[in-house]
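*Asks:* Please read through the structure below; I'll follow up with questions.
Just so you know, all these numbers are worked out from the coordinates, no wet-lab data involved. These numbers come from a predicted model, not from an experiment. Every residue, glycine as well, gets a Cβ built from its backbone with ideal geometry; the counts of neighbours run over all protein chains shown.
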Amino acid sequence: MGLARRGHWRHCSPVERVPVIQYPLLRTIHLLCGVFAVPALLLYGLSAVQMAHNKWFNVKPTVIEMEMPLQPGLGDGRQMTQEVMANRGLHGEIASVRKTPAGFESRVTVPGTVHEIRYDAVSGQARLKSSVAGFIGMLNRLHHAAGLRHEYIPLQLWGVLGGLVSLSILGLGVTGIWMWWLRKQERKWGLLLLAANLLYAITLLAMMRATGP
Amino acid sequence: MTWLIRKIHIYAGLLTFAQLMIYGIAGVVAAIYPGGERPKTPQSVRYVPFAIPPSSSDKEVAALVYKTLDLPMARPVPDWYLRHTAENHLLLDFYNVNGIRRVVVMEKEGRLRVEEIHNSLWLFLEDIHAATPGDEGAPRLVHLWACWNELAMWTLLSFSVSGLWLWLAARALYGWAWALLAAGIGAIAVLWSVFR
């Protein structure tokens with residue numbers, strides 16, 4: 001692998017000065033990042049295929065509607081929503097609460113399910129419409145679920161997992177390219193492929209960025 | 001067989017390296033900046049003279065604004081997204097991966113107010129990671145990017161398989177790998193069941 005001996009650096013070309021961390025260590029890091037990330041990568045990858053080729057899949061959710069009586073005249077939409085959630089055993093994050101001429105409308109979301117609640121303050125009737133996604137729809141929602149600032153703890157944990165998986169992907173890339181460089185047998189063709197990719201990517205990204213705003 | 005899979009794994013990774021790095025960056029950005037937190041303050045404002053033909057509908061004015069300004073990488077504003085300001089000026093938001101060009105049609109003054117709201121590089125990379133060739137109305141540059149992105153998407157799926165193969169072929173007894181695989185599967189399984 002061309003390990004440089006002490007005092008030998010100034011006689012090395014820039015290429016030979018690439019830090020030679022042990023290949024087995026890099027391979028171990030690459031492996032551990034990969035096995036940790038692979039279940040999520042399959043999830044993100046399959047959902048990406050669904051988004052790129054929507055016509056291949058049926059993502060129509062199952063819709064369930066019901067009505068339930070609440071106390072008339074409730075003045076707090078969020079409180080009304082929490083009451084419905086407790087009554088029906090719903091869980092998730094209150095995504096929005098909106099005052100309407102009749103009362104309130106709110107949305108409670110959890111990946112794969114959206115509950116829409118419409119409350120009539122005069123009659124006290126609440127109409128609940130739950131849209132439940134199938135398997136592929138669930139993958140789609142999980143792909144979009146992100147962030148580290150959620151009230152709903154499981155969604156917060158999903159955000160943490162997504163962040164860790166993303167860092168693992170970056171780790172896979174860095175260790176992967178480092179290992180490739182240390183393995184001399186794939187350097188020639190590898191350089192061509194990498195150069196083609198980087199040239200294409202950087203050129204397009206720069207051109208897109210230059211169009212503003 | 002393993003040496004062939006390794007070669008394909010390496011070459012495919014190099015061929016889609018930039019896209020894979022952008023997927024990782026997009027995930028980190030999404031974790032830190034969830035969808036709702038986008039820039040809202042314009043970085044620049046300019047005025048463009050503009051005369052509205054009499055008796056034009058909002059839809060016709062929007063189409064004329066789109067044609068007049070000829071904004072790069074912008075699409076026409078859909079009819080359902082035509083809005084008005086508090087002063088009842090027609091408000092048109094032209095989105096692209098770099099941000100928003102917000103146009104207010106000031107009819108009485110005979111001009112357009114054009115505000116530019118700029119996304120950071122990180123938000124740009126997050127948005128561009130999602131480009132797909134199936135988006136028929138996409139600007140040409142985005143479509144060109146989307147084509148290689150499609151390749152990267154399939155490559156990522158194939159890595160999941162080839163990577164597992166290479167691991168099992170070389171180090172099937174490595175305990176830490178099994179532990180982390182179990183951790184990854186377990187985390188998803190638990191959260192999936194909670195969400196359901």
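*Asks:* Pull out a ≥ b ≥ c, the square roots of the eigenvalues of the alpha-carbon gyration tensor of the protein assembly as shown, then state rounded if a/c is under 1.5, prolate if not and a/b is larger than b/c, and oblate in the remaining case.
*Replies:* oblate
*Asks:* Determine, for A:122, A:59, the number of other Cβ atoms within 10 Å of each Cβ, and report the residues in order from fewest to most.
*Replies:* A:122, A:59
*Asks:* Over segment A:15-116, what relative contact order in percent results from Cα pairs under 8 Å that are six or more residues apart?
*Replies:* 13
*Asks:* For a test of the definition: using alpha carbon positions, the gyration tensor, and the 1.5 limit on a/c, classify chain A as rounded, prolate or oblate.
*Replies:* prolate
*Asks:* Now, a different point. Can you work out the FRET efficiency for the pair residue A:183 and residue B:1, with r the C-beta to C-beta distance and R0 = 22 Å, to the nearest 0.05?
*Replies:* Result of the calculation: an efficiency of 0.75.
*Asks:* To continue, here is another question. Assuming R0 = 41 Å, can you tell me the calculated FRET efficiency for the pair residue A:58 and residue A:122, based on Cβ-Cβ distance, to the nearest 0.05?
*Replies:* So, using R0 = 41 Å, E works out to roughly 0.55.
*Asks:* Sticking with this structure for a sec: Shape of segment B:116-161 from its Cα gyration tensor (a ≥ b ≥ c, root eigenvalues): rounded if a/c is under 1.5, otherwise prolate when a/b > b/c, or oblate?
*Replies:* oblate
*Asks:* Given only helices, namely DSSP H runs of n ≥ 4 each adding -39500 (n - 2.57), what is the per-residue ellipticity at 222 nm of chain A, to the nearest 500 deg cm²/dmol?
*Replies:* Calculated from helices alone, the mean residue ellipticity at 222 nm is -17500 deg cm²/dmol.
*Asks:* Still on this structure, I have one more. Counting other beta carbons within 10 Å of each residue's own, what order do A:33, B:147 fall into, fewest first?
*Replies:* B:147, A:33
*Asks:* Oh, and also: Near residue A:184, which lysines are there with a Cα under 21 Å away, not counting those fewer than 8 places off in the same chain?
*Replies:* Within the straight-line cut-off, residue A:184 pairs with B:7.
*Asks:* If I model a spin label as a point 7 Å beyond the Cα along the Cα-Cβ vector, how far apart are those points for residue A:95 and residue A:199 in nm?
*Replies:* Distance between the two pseudo-spin positions: 4.5 nm.
*Asks:* Quick one: check the C-alpha center-to-center distance for segment A:143-213 versus segment B:79-117, whole angstrom.
*Replies:* Spelled out, the Cα-based centre of one part sits 35 Å from the other.
*Asks:* Let me ask another. Rounded to the nearest 500, what is the 222 nm mean residue ellipticity of chain B from helices alone, with -39500 (n - 2.57) per DSSP H run of 4+ residues and division by all residues?
*Replies:* So the helix-based figure for chain B works out to -17500 deg cm²/dmol.
*Asks:* Another one. How would B:23, B:81 line up from fewest to most surrounding beta-carbon atoms within 10 angstrom?
*Replies:* Listed from fewest to most nearby Cβ atoms, that is B:81, B:23.
*Asks:* Of the residues B:65, B:48, B:103, which exhibits the maximal mean-square fluctuation in a Gaussian network model of chain B defined by a 10 Å Cα contact cut-off?
*Replies:* For chain B, modelled as a Gaussian network with Cα springs under 10 Å, the answer is B:48.
*Asks:* Relative contact order for chain B: what percent, with Cα pairs under 8 Å and sequence separation of 6 or more?
*Replies:* Value for chain B: 25 percent.
*Asks:* Ignore the peptide's own chain and count Cβ atoms of other chains within 10 Å of each Cβ in A:133-142; give me the average, rounded.
*Replies:* Partner-chain Cβ atoms within 10 Å, mean over residues of A:133-142: 1.
*Asks:* Of the listed pairs B:40/B:108; B:67/B:108; B:59/B:108; A:99/B:108; A:55/A:99; A:55/A:129, which have alpha-carbon separations greater than 29 Å here?
*Replies:* A:99/B:108; A:55/A:99
*Asks:* For a quick check of your reading of the filter: which GluC sites (Glu not before Pro) in segment B:10-98 sit in a DSSP loop and have no more than 15 other Cβ atoms within 10 Å?
*Replies:* Passing sites in segment B:10-98 are B:37, B:87.
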